[in-house]
Amino acid sequence: MNHPELLSNSLSHEQLDTQVILQHVVNAWKQLQTQQPLVQCITNIVAANYAANILLAAGASPAMVDNPFEAESFTTISGALSINVGTPHTEQMQAMRISAQTAQRTDTPWVLDPVGYGAVLPWRTEMVNELLTYKPTVIRGNASEISTLAGDQNVESKGVDSTLKSADVYEHAKVLLEHCECVAISGESDYIISKEYNAVIQVNGGSHLQPKVTATGCALGALTAAYCAVTTPTIACIAAHVHFAIAGKLAFQKAQTVGSFNVAFLDHVHGLTDETIEQYGDVQVLT
Amino acid sequence: MNHPELLSNSLSHEQLDTQVILQHVVNAWKQLQTQQPLVQCITNIVAANYAANILLAAGASPAMVDNPFEAESFTTISGALSINVGTPHTEQMQAMRISAQTAQRTDTPWVLDPVGYGAVLPWRTEMVNELLTYKPTVIRGNASEISTLAGDQNVESKGVDSTLKSADVYEHAKVLLEHCECVAISGESDYIISKEYNAVIQVNGGSHLQPKVTATGCALGALTAAYCAVTTPTIACIAAHVHFAIAGKLAFQKAQTVGSFNVAFLDHVHGLTDETIEQYGDVQVLT
Amino acid sequence: MNHPELLSNSLSHEQLDTQVILQHVVNAWKQLQTQQPLVQCITNIVAANYAANILLAAGASPAMVDNPFEAESFTTISGALSINVGTPHTEQMQAMRISAQTAQRTDTPWVLDPVGYGAVLPWRTEMVNELLTYKPTVIRGNASEISTLAGDQNVESKGVDSTLKSADVYEHAKVLLEHCECVAISGESDYIISKEYNAVIQVNGGSHLQPKVTATGCALGALTAAYCAVTTPTIACIAAHVHFAIAGKLAFQKAQTVGSFNVAFLDHVHGLTDETIEQYGDVQVLT
């Protein structure tokens with residue numbers, strides 16, 4: 001069952017299909033358990049505790065270092081970086097700039113989560129525009145954020161929640177590959193747009209209760225960064241989204257109310273196995 | 001069962017009684033589910049995650065935008081604003097001022113939660129005094145905070161916990177109606193002081209475990225703001241407090257230890273129905 | 001069973017053994033319930049909510065006052081102070097300095113948690129070095145942090161997680177008693193180094209899942225501060241670590257997955273009794 005050769009970086013000419021992808025996910029998940037990579041998270045006050053718990057449960061080692069005086073040295077030793085602009089203040093914004101620049105310079109993979117991107121939140125939007133120039137490995141967001149980032153001027157803002165469907169956005173979002181290796185759009189189904197494979201991978205699963213738990217998207221961005229520390233960007237995105245989709249699906253089988261669901265979700269993020277990946281992983285290659 | 005006419009703003013001459021109030025609460029709760037209002041929360045690092053989860057569970061759409069560079073534009077599109085001075089820093093304080101001024105200017109309902117108000121915490125106390133001039137829709141706090149805010153110089157401070165009983169404070173607290181439409185005092189019983197009805201409404205229920213869960217008061221302030229986006233200030237205060245009182249009562253029936261209680265509490269905040277409101281809502285009009 | 005005389009400060013000549021220690025812990029825990037001391041916590045955005053919930057569940061009254069404009073007056077009325085340098089920013093660092101100075105001046109016990117101390121995080125490391133001059137009552141950390149603080153230059157940094165075992169560090173860590181009354185090192189077993197007794201006390205228990213829940217160490221520092229408000233530094237350290245060790249052990253008996261474990265852990269932090277202390281408390285005096 002184990003195909004370590006699939007972890008090589010020269011996947012470009014490989015034919016992706018569901019079985020191949022799930023085997024990559026299994027390997028990425030095993031690498032995450034083995035390497036327990038250090039993941040620097042610059043994130044918001046809503047997500048900080050939750051994202052740290054998700055990363056620990058998934059097998060990574062999170063550290064929320066978000067001040068400008070330690071950003072450079074800490075990014076240098078980190079396996080990956082996650083930047084989330086949810087509740088910025090001036091010093092944290094400075095840390096984002098320094099860490100993103102450092103990640104680019106040191107070839108450290110990093111994920112950009114443009115929470116609330118759009119005209120109503122101009123400060124972070126300007127910062128996200130600057131951060132794009134430091135070439136994130138992955139851009140991850142909900143459909144409204146990604147669509148606005150991709151140039152759609154007509155997205156109605158509802159704070160940090162999406163007013164669009166991910167299925168309606170992914171075609172348009174391909175333009176964002178000029179900035180990054182992968183774009184990941186979360187929603188009822190998730191869509192991973194891969195530059196390497198010139199493909200869109202759809203990930204199904206999860207539960208309608210996930211958007212009822214705050215910071216699940218933010219934590220998914222942090223988990224994507226964790227996987228980026230151990231595998232290629234495309235597989236990292238797919239693995240993180242499959243990890244969440246399976247945990248959400250199994251959690252909902254156990255608990256149908258939002259507080260209990262959230263506890264069960266953390267249980268299943270921690271309890272993922274190669275068997276559950278192979279049994280419940282639901283991905284398909286669209287293009 | 002549905003009396004949409006009760007949602008009108010011209011309630012002043014209506015006779016309030018328990019049945020009328022509970023019908024208003026049912027309608028307000030239904031409006032919350034339908035409208036899912038965007039609620040801007042400027043809150044503390046203890047409450048941020050919890051308040052967001054409570055608002056999502058209750059049906060609203062929270063966003064913790066708390067920087068001064070986005071405060072004005074974001075308040076403008078928000079259905080309501082919640083300001084909580086729990087763990088302020090300079091930029092957040094600036095955001096509070098800007099958002100409160102914007103809310104006043106744009107007639108956006110807003111709730112002020114004066115956490116820790118008193119001489120031992122002079123910085124926030126001065127800020128709260130300034131914020132009062134921007135006319136909050138609702139002032140919400142525990143008995144110590146409300147009593148001190150109402151001019152009592154002899155309240156012993158114990159940080160952010162109350163040393164007084166809500167039942168001993170509400171008479172004195174009526175002076176605060178010069179600043180706002182409603183005053184809400186949480187405690188073993190909650191007391192809502194309404195300018196519109198010239199009445200005090202007592203809300204019973206909850207559990208003695210609620211004060212053992214941090215940030216329940218902060219989250220109640222945020223929920224009050226959410227209801228303010230969909231109904232009148234008085235009904236919003238009552239609805240938020242009834243919502244919490246029922247969820248606390250039912251959660252305690254399911255779980256008598258503090259960690260499990262908190263999970264069950266979130267379940268029941270999410271699981272409220274018109275039936276549970278009518279069956280468990282326990283309110284009485286005092287004056 | 002009750003030996004109130006053991007609470008006196010003149011314990012220096014007493015012979016410590018397991019039974020004597022557990023009786024002290026019982027008394028300290030009872031004092032915590034009775035006095036419910038106000039504990040000021042200057043802590044990080046990951047731990048703030050969790051540490052507050054742990055303190056409330058354990059019987060204390062937490063307040064996360066962390067701005068420099070209120071730090072002095074608030075420390076003055078607090079029963080104890082907990083300083084944790086996990087996610088500092090400039091104003092919070094100023095608050096740490098002021099509160100530590102105030103605690104030293106007013107003989108308020110205080111706990112220093114040097115999260116991530118080491119060359120990769122120079123800003124906090126410099127601040128911790130300064131804070132040591134204000135004589136913390138207790139220094140608490142994981143094995144990597146404590147070993148580095150004690151002068152070991154060769155500790156490999158992995159963010160905020162430890163790369164060393166607590167059992168390998170405590171001998172070396174005794175040098176830190178020049179700064180404080182007690183050093184507490186958490187790990188698979190915990191080690192309390194007491195100046196007063198010239199002894200090392202080993203605390204066993206807990207669960208391997210505890211490091212999988214973020215901020216348990218930070219919360220343990222805050223709980224140590226809470227106990228410092230009601231008993232001597234050595235007993236406070238032991239009591240806090242025994243409290244966590246028993247809660248972790250009993251929680252794991254109830255729940256073996258990380259989300260459910262965390263809920264059960266909070267239940268058992270709240271549900272500690274003199275019986276469970278006497279039955280499950282596992283301490284031994286090493287020197």
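Across the cross-link table entries B:LYS158/B:LYS195; A:LYS254/B:LYS254; C:LYS30/C:LYS249; B:LYS195/B:LYS249, which are compared at the Cα atoms, the separations over 26 Å belong to B:LYS158/B:LYS195; B:LYS195/B:LYS249. The convex hull defined by the C-alpha atoms of chain B has an orientation-averaged projected area of 13.0 nm². Annotation for the range A:61-114: GluC sites (Glu not before Pro) lying in DSSP loop with at most 14 further Cβ atoms inside 10 Å of their Cβ do not exist. As a calculated quantity, the FRET efficiency between B:ARG105 and B:LEU286 at R0 = 45 Å, using C-beta atoms, amounts to about 0.85. The portion of the accessible surface of the protein assembly as shown made up by carbon and sulfur, rounded to a whole percent, is 49 (1.4 Å probe; DNA, RNA and ligands excluded).
Pairwise Cα distances in the range A:1-157 exceed 24 Å in 41 percent of cases.
Placing one identical point scatterer on every Cα of the protein assembly as shown and ignoring solvent, what is log10 I(q)/I(0) from the Debye formula at q = 0.06, 0.07 Å⁻¹? Treating every Cα as an identical point scatterer, log10 I(q)/I(0) equals -0.37, -0.51. Simple rule: put +1 on each Lys or Arg Cβ and -1 on each Asp or Glu Cβ in the range B:13-285, find the dipole, and look at B:GLN36, B:ALA167, B:VAL26; the Cα lying farthest toward the positive end is B:GLN36. When the accessible areas of C alone and A alone are added and the area of the pair subtracted, with a 1.4 Å probe, the result is around 2400 Å², both sides summed. Residue-wise HN-Hα couplings along the range A:91-102, as the Karplus relation 6.51 cos²θ - 1.76 cosθ + 1.60 with θ = phi - 60° gives them from phi, are 5, 5, 4, 4, 4, 4, 4, 5, 5, 5, 4, 5 Hz; Gly and Pro carry x. Largest mean-square fluctuation among A:VAL175, A:VAL26, A:VAL200, in a Gaussian network model of chain A whose springs join Cα atoms under 10 Å apart, belongs to A:VAL175. Under the criterion of Cα pairs below 8 Å and six or more residues apart, the relative contact order for chain B equals 21 percent. Of the trypsin sites (Lys or Arg not before Pro) found in the range A:197-285, none is in coil by DSSP with at most 16 other Cβ atoms within 10 Å of its Cβ.
Model label points for B:HIS172 and C:GLN153, set 7 angstrom from Cα along the Cα-to-Cβ axis, are 6.2 nm apart. For the range B:81-97, backbone nitrogen atoms closer than 20 Å to the point 7 Å from B:GLU72 Cα along Cα-to-C-beta are found at B:81-83, B:90-97. Among the GluC sites (Glu not before Pro) in the range B:128-192, those placed in a DSSP loop whose Cβ has at most 12 other Cβ atoms within 10 Å are B:GLU156. Ranking C:ALA264, B:ILE192, C:ILE193 by how far each Cα lies toward the positive end of the dipole of the protein assembly as shown (charges on Cβ) leaves C:ALA264 at the top.
The accessible-area loss of the range B:119-163 on complex formation, taken against its chain alone with a 1.4 Å probe, reaches 20 Å² or more at B:VAL120, B:LEU121, B:PRO122, B:TRP123, B:ARG124, B:LYS158, B:GLY159, B:VAL160, B:ASP161. Interface residues of the range A:252-271, defined as those with an accessible-area decrease of at least 40 Å² between the chain by itself and the complete set of protein chains (probe 1.4 Å), are A:VAL258, A:GLY259, A:VAL263, A:ASP267, A:HIS270. For the protein assembly as shown, a simple Cβ point-charge model (Lys and Arg +1, Asp and Glu -1, everything else neutral) yields a dipole of about 140 debye relative to the Cα centre.
Taking all protein chains into account, the per residue accessible area for the range B:13-285 stands at 31 Å² (1.4 Å probe). Taking 4 °C and 1.567 mPa s as conditions, the range A:173-234 diffuses translationally at an estimated 103 µm²/s according to Stokes-Einstein applied to its Kirkwood radius (Cα pairs). In the range C:170-287, the inverse of the mean reciprocal separation of distinct Cα atoms equals 14.4 Å; this is its Kirkwood hydrodynamic radius.
The values are calculated or read from the model by the stated rules, or taken from the named source; none is laboratory data. These numbers come from a predicted model, not from an experiment. Neighbour counts are summed over all protein chains in view; Cβ atoms, including those assigned to glycine, are modelled from backbone coordinates with ideal geometry. When the accessible area is computed, the model is the full protein with side chains, heavy atoms only, and any ligands, DNA or RNA have been set aside. Shrake-Rupley method; radii C 1.70, N 1.55, O 1.52, S 1.80 Å.
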